[in-house]
1. Counting other Cβ atoms within 10 Å, which trypsin sites (Lys or Arg not before Pro) in the stretch 56-132 have at most 15 and lie in a DSSP loop?
2. Can you return the aspartates and glutamates within cross-link range of Lys346? Criterion is Cα-Cα under 20 Å, with same-chain partners fewer than 8 residues away left out.
3. What does the helix-only formula give at 222 nm for the chain: each DSSP H stretch with n ≥ 4 adding -39500 (n - 2.57), the total divided by the residues, and the result rounded to the nearest 500 deg cm²/dmol?
4. Counting pairwise Cα distances across the stretch 301-349, what percent come out greater than 12 angstrom?
5. Taking Rh as the Kirkwood radius computed over C-alpha pairs, what is the Stokes-Einstein D of the stretch 178-232 at 25 °C in a medium of viscosity 0.890 mPa s, expressed in µm² per second?
6. Could you give me the percent of Cα pairs per 10 Å distance bin for the stretch 79-183, shortest bin first, beginning at zero and ending with the bin that holds the maximum distance?
7. I need the GluC sites (Glu not before Pro) found in the stretch 325-370, filtered to DSSP loop residues with at most 13 other beta carbons within 10 Å of theirs.
8. Of Lys45/Lys362; Lys167/Lys312; Lys304/Lys366; Lys312/Lys362; Lys22/Lys264, which sit over 28 Å apart, Cα to Cα?
Amino acid sequence: MGIISAIGNSVPENHMALMEGKCGIGSLEWFATRYANLLPFGEIKTGNPSLREKLQANEPGLTRTTLLALHAFKEAITDAQLTTQQLQDFDTALKGASTVGGMCLTDELYHDANKTEHGSEYLSSYDCASVNIYLQQRYGMNGIINTINTACSSSANAILYGARLIKNGLAQRAIVGGVDSLAKFTINGFNALHILSPGICTPFDEERKGLNLGEGAAFLVLEKEAHIAGKKVYAELTGYCNTNDAFHPSSLSEEGNGPYLSMKGALDGANITAADIDFINAHGTGTENNDLAESRAMLRLFGKVPAFASTKPHTGHTLGAAGAIEAVYSILNLQHQEVYAALNFKQPIEATGLQPVRVYHKTPLKHVMSNSFGFGGNCTSLIFSAC
């Protein structure tokens, strides 16, 4: 696994921050926007020059999105001890996800679109696939490579897709994950929807006022069980399902039909019952619609809802990276047999009465569910199980 987020630049740093209940949301230092001092964000406090130097990535036209992806990708393949030959094998797939891609350079894109002469060095970076194209070229990868954009469920779907490639014999291993960096495009867009919170987000709280945008990247290495002898194994991906409630371009149905079906489908795929889930890493954005819909879906499926919490008050909502980042967090739950406290929660939603985990603690865990729900009603649930 590899990860970079507002609470840490590696898997161990993120793990320590989660245990300590660290919040990475605050004022902006590296990203220029008119909202820098008006709204809080989950910004990674490492500038692009430092990332370039650390990663030895000095090619022209690299955006922050690509640099963050490279950072997490390198940690993941190093952790998995993948060789150059394995990376270049035709049976090694790369499934990357992003909603922003090179659009983090919103101003440059606008200026380039209005030029009649040759554009800037970033012209080839605006494509959403530019991140994975760079990784492919840098490491000489030859397997199946795709970019997925299904809004906030993007990298959860990258994980699902990588698992299906392996299951159907189209890949022996898959490097799966996602990345998004802060961008004027998304900041202005979410602000126009009036769902950005003026304070740090409070998922599943009656007084929740919206989400905080964040940035980050995470990648995981999936491999066939037949090929893992002698290797470090964090967890098993036992269940996954993608559904769509097709209700509204930016909202879930009030009943949470999409979330309900994705969670139920993941349980069916894992061949376990609702009672077997020990913890849920909820999508939990802190918006009025999402938290209520997810709560109703959990009540409908589980009856007695297992322990749950959202980690977005730690990192902010990282959009296309959220599913992969929270998959890493779910695996950390299993690896260390612990759950992380929901930050900022005070009172339950009156209509549901559900309360997330309030205090970090150790507890036996066998199956952890991770939910990722995107605009357009694209809903994905993953189940990770202890080996």
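1. Lys115
2. Answer for Lys346, where 20 Å is the Cα cut-off: Glu20, Asp205, Glu206, Glu207, Glu288, Asp291, Glu294, listed by chain and number.
3. Values: 12 runs with 128 residues, N = 387.
Calculated mean residue ellipticity at 222 nm is -10000 deg cm²/dmol.
4. Details: 827 of 1176 pairs.
The calculated P(r) of the stretch 301-349 puts 70 percent of pairs beyond 12 Å.
5. Rounded, D is 170 µm²/s.
6. In whole percents, the pair-distance histogram is 15, 39, 29, 13, 3.
7. Glu350
8. Working: Lys45/Lys362 30 Å; Lys167/Lys312 31 Å; Lys304/Lys366 18 Å; Lys312/Lys362 21 Å; Lys22/Lys264 32 Å.
Cα-Cα > 28 Å for Lys45/Lys362; Lys167/Lys312; Lys22/Lys264; rest within.
Just so you know, all these numbers are worked out from the coordinates, no wet-lab data involved. The structure displayed is predicted, hence computed values, not measured ones. For neighbour counting, all protein chains shown are included, and Cβ atoms are generated from backbone atoms with ideal geometry for every residue, glycine included.
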